[in-house]
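Note sheet for the following structure.
The values are calculated or read from the model by the stated rules, or taken from the named source; none is laboratory data. Not measured: the values here are computed from a predicted model. Ideal geometry is used to build each Cβ from the backbone, glycine not excepted, and the neighbour counts take in all protein chains shown. Accessible surface areas use protein heavy atoms only, side chains included; no ligands, DNA or RNA. Shrake-Rupley method; radii C 1.70, N 1.55, O 1.52, S 1.80 Å.
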Amino acid sequence: MTSRRPDSFEGLGYRGREDPSFSGGYSARSFNNSSSSDLQHWVTTPPDIPGSRNLHFGDRTPQFETAPAPPGAADETQSAAPPSEQLNRFAGFGIGLASLFTENVLAHPCIVFRRQCQVNYHARCYHLSPLTAISVMYNVTKTQGPKALWKGMGSTFVVQGVTLGTEGIISECTPLPRELSHKWNPKQVVGHLVLKGLTYVVAMPFYSASLIETVQSEIIRDNPGILDCVKEGIGRIMGMGVPHSKRLLPLWNLVFPTVLHGILHYVISSSVQRLVLYLLRRRNNGSPKHSSPDSQADAVQSMLDAYFPELMASFAASLCADVLLFPLETVLHRLHIQGTRTIIDNTDLGFEVLPINTQYEGMRDCINVIRREEGTMGFYKGFGSIVVQYSLHAAVLQITKMIYSTLLRNA
């Protein structure tokens, strides 16, 4: 990007080089009495910054001098403007909102059932297939009502808010970078990961309270408020609140697996997202263009290329991170839920409830017990629900893309 600003630009003093009346120390002059033509020669135009002037695809900032529009040209331009411009303005918002709604709302029943399967050491059916997972999810909904698989959704938003707020506060109070620039160095990467680790430590008790709300059976569960997650998290830190059993692990025993899972999930998802985004943009840049750049098909494809690579990269990143870290997540959830006197649904059939009475001494003991008593596939209990979750997400993205393409072509 080349700047249009002169090499020797010094603010308002620049006009003294062009206007003789200001060459030898100018006197006071009112701008109200100056015509626009007197001021145009020293007013510079800023460089084109995407989004700085609500520019659309292919638009550029006007040059220094523009020819005056003839009378009635504004009306003709407004009447000739395609109706798809309004769709283009709100395309990013609409598509992003659909993806966000799918990740946090439509996928929540799959997350609830997946967590119940992970902490259920009694289960004989591991639900590695999405068909068995859907069948039991239907039985739970039929027995306990539609709210059975939507429980704890408010607490998940609370945990996300606590995480974002904590990260912002720590980054403002410390030199730890919140974002990595393109010219990063190892010191910045280490500081950024330290910031993420501190954030996960602060949000850990609230994550534990949110986990209990999502796996607790609807049969014996009260109707908790949205802020109950915060109250339970603070009570877990101070040792107050609902009484727990002696098998409850102290928070310092949960620090290492929580931070390990969080940092690995962040590293994997960030790496995959950048790789997929690079490949998609490279493919789009290398694809042949239409002979007429103003053609309708080319305009639609240009808008799709502008919005969907980010969503597809985020989708692939979350999928890879969740699949690769599924065994570690199983161990983490069992450690968090131990000793909380939580009663979950029977994930074998979906018609009964079961208590959680594990006695793990730590992360290593939990891994050894699962491998010895449940086998290697015990780490993947409920894996079919993650297949359902991301299949639903991919379907929503594809439907949104088809609807948006149809609206643009019809417009």
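A compact table of results
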| quantity | calculated |
| --- | --- |
| Of the criteria (1) in a helix (DSSP H, G or I); (2) in contact with a strand residue (DSSP E or B) (Cβ under 8 Å, 6 or more places away or on another chain), which one Ile268 fails | (2) |
| Residue count for region 190-214, restricted to those that are farther than 19 Å from Asp228 by Cα and touching a Leu at 6+ places or on another chain (Cβ under 7 Å) | 4 |
| Within region 356-411, considering residues that are touching a Phe, Trp or Tyr at 6+ places or on another chain (Cβ under 9 Å) and of a type in the set (Phe, Trp, Tyr), the one nearest to Val105 (Cα to Cα) | Tyr390 |
| Set Ile234, Ile219, Ile226: member being in contact with a strand residue (DSSP E or B) (Cβ under 8 Å, 6 or more places away or on another chain), modelled with pLDDT under 90 and open to solvent by 50 Å² or more (accessible area, probe 1.4 Å) | Ile219 |
| Residue count for region 360-411, restricted to those that are assigned to a helix (DSSP H, G or I) and in contact (Cβ under 8 Å) with a residue 40 or more places away in the chain | 28 |
| Region 122-147, residues that are surrounded by 17 or more Cβ atoms within 10 Å (Cβ to Cβ) and more than 13 Å from Thr347 (Cα to Cα) | Pro130, Gln144 |
| Qualifying residue in region 161-169 (condition: buried (at least 19 other Cβ atoms within 10 Å of the Cβ), modelled with pLDDT of 85 or more and in a loop (DSSP other than H, G, I, E, B)) | no |
| Residue that is in contact (Cβ under 8 Å) with a residue 60 or more places away in the chain and surrounded by fewer than 19 Cβ atoms within 10 Å (Cβ to Cβ), where the choices are Lys246, Lys183 | Lys246 |
| The lone exception for Ser155 - which of (1) within 20 Å of Ala395 (Cα to Cα); (2) open to solvent by less than 60 Å² (accessible area, probe 1.4 Å) it fails | (1) |
| Any hit, region 330-341, residues being open to solvent by 50 Å² or more (accessible area, probe 1.4 Å) and at pLDDT below 95 | yes |
